[in-house]
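Colleague: This is the structure I have questions about; it appears just below.
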Amino acid sequence: MQTFRIILCVLLLAGCATVEYQPRAISEREAYAVITEVANQQTAATYLDSRFLGFRNEADAATGTPQDIRERIYFSSLDSIELRRHGPDYRVRLSGPGGDTLREFRIADREQAERFVDALAHYRDNAPAFTGLK
């Protein structure tokens, strides 16, 4: 029974592992294209500008405005962007202060996942300071 538990733990750990990856430089145009492409593959409709990545209901996607956004992740508040292997797919996890997971994106292709990390890092590194909601 103990052997079974050990094997189960090893299999669980092997299924989800952090990938060592350092973000590379990317232009704003490329970053915007990559984030938009990945966001379109996810379930929630997104909005992107230089300050934040916003999420709204899918029903509001075509006619929505920035005011319809239900959740915002401000780039200046990102503490870490982590690339993880999860089975055959990759996950990009965005964490805020204190290590809380803000959002996780599932991506099938490693190259696209790495470019997504590059793009998010670009926006985080170039984000204006948060001055409050307007």
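The values are calculated or read from the model by the stated rules, or taken from the named source; none is laboratory data. Just so we're clear, the structure is a prediction, and the values are computed from it rather than from any experiment. With ideal geometry, Cβ positions are generated from the backbone for all residues, glycine too; neighbour counts draw on all protein chains shown. Areas reflect the complete protein model, heavy atoms only, side chains present, ligands, DNA and RNA absent. Shrake-Rupley method; radii C 1.70, N 1.55, O 1.52, S 1.80 Å.
Colleague: Can you name the residue in segment 116-128 that is over 11 Å from the mean Cα position of the chain (by Cα) and open to solvent by less than 80 Å² (accessible area, probe 1.4 Å) and is also modelled with the lowest pLDDT among such residues?
Modeller: Top of the filtered list is PRO128.
Colleague: Please find, within segment 37-57, the residue that is most open to solvent (accessible area, probe 1.4 Å) out of those that are within 21 Å of ASP118 (Cβ to Cβ) and either touching a Gly at 6+ places or on another chain (Cβ under 6 Å) or of a type in the set (Asp, Glu) (or both).
Modeller: Per the stated criteria, the residue is GLU37.
Colleague: Being open to solvent by 10 Å² or more (accessible area, probe 1.4 Å) and in a helix (DSSP H, G or I) is the filter here, so list the residues in segment 105-115 that pass it.
Modeller: Within segment 105-115, ARG110, GLU111, GLN112, GLU114, ARG115 qualify.
Colleague: So PRO97 clears everything in (1) open to solvent by 40 Å² or more (accessible area, probe 1.4 Å); (2) farther than 23 Å from SER50 by Cα except one condition, right? Which one?
Modeller: So PRO97 meets the others, but not (2).
Colleague: Determine which member of the set ARG106, ARG91, ARG110, ARG84 is touching a Ser or Thr at 6+ places or on another chain (Cβ under 6 Å) and charged (D, E, K, R).
Modeller: One residue alone meets the criteria, ARG84.
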